[in-house]
Ligand code: GRG
């Protein structure tokens, strides 16, 4: 019989396959109503950004939290695909010369390297807007109020007070706009809760929104999402220190070289690892009331903490 880790890996792979197929379809050359044309170069660059790569962790979290409430899987996958489009856009823009200036992403040349900077900017714009187009579709959920809540919360997670705002705080912390200063632990936690945590938290909340969960349950899911969001970032920072470019599919050691504000730099590797373990525990406790139904979410928290790529 398969153990928890193997079962988790199978479920993650199955969702990744379904998301790949869905994104392939969403990024087909056929125009939709009220679209005039899909310019081939922009479409090719969007497909380069979104297809054939990535763990699809955020859609997986949507699908698995939705499964707690016996939500229809096809709708959860569609919501997950919308979220993945936002994630892919953020990677394309983050890799640009004006941001992190990376040549490699998911083991392939970044979009601005494979195409050019202007195309990469438009890829980000078009993926971002397509995400909201997809989230608003009836295939996500038959209830318009559920779709409106998803659109609203996705916008909040992605924008000024979420991911884009967090990226701004990150650039400021690097000393781009004024003198570089050392951030406190709580400032780092806030920055990371916005930059990477917001989308991960949204992924979990989306499952509860689709399932029309009550507010106490929503709060538990949000606690789970916050804990794994923080864990994800600490694991990512540890990988930057301990990983290598070949397994990561992107450059390693960049954060330390740039003197980036991370909890690993502030707390040191051992304390950061201890914090990571506490967060995995807390994530598990937050969904304990679901019993065996939340086994996969608990395995996901462990996977996030232990991942090597
Ligand atoms: C440019 C608006 C804007 C935002 C950028 C999230 C973000 C903000 C940038 C990503 C930069 C980065 C590499 C952050 C570290 C954490 C992270 C998001 C890693 C990549 O996510 P994974 O591991 O990637 O889920 P895959 O490739 O598996 O999808």
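Values quoted throughout were computed directly from the atomic coordinates according to the rules given, and no laboratory measurement underlies them. Here the structure is a predicted model, which is why all the values come from computation and not from measurement. Note: ideal-geometry Cβ built from the backbone for every residue, glycine included; neighbour counts use all protein chains shown.
Treating each Cα of the range 138-192 as an identical point scatterer and summing with the Debye formula, the log10 of I(q)/I(0) at q = 0.22 Å⁻¹ comes to -0.81.
The alpha-carbon positions of the range 76-176 define a convex hull whose volume is 97 Å³ per residue. Using only the C-alpha atoms, the convex hull of the range 268-309 corresponds to 53 Å³ per residue.
If you bin all the Cα-Cα distances of the chain at 20 Å, starting from zero, the percentages per bin are 33, 60, 7. When you work out D = kT/(6 pi eta Rh) for the range 27-70 at 25 °C and 0.890 mPa s, using the Kirkwood radius from C-alpha pairs as Rh and the Stokes-Einstein form, the result is 189 µm²/s.
Over the C-alpha trace of the range 29-127, radius of gyration and Dmax come out as 15.0, 44 angstrom. State the percent of C-alpha pairs, over all pairs in the range 142-298, separated by a distance greater than 25 angstrom. Summing the P(r) tail past 25 Å for the range 142-298 gives 37 percent.
The C-alpha radius of gyration of the range 174-245, expressed as a fraction of 2.2 N^0.38 Å, stands at 1.38. Peptides 133-144, 113-124, 189-200, ordered by how many other C-beta atoms sit within 10 Å of their residues on average, highest first, read 189-200, 113-124, 133-144.
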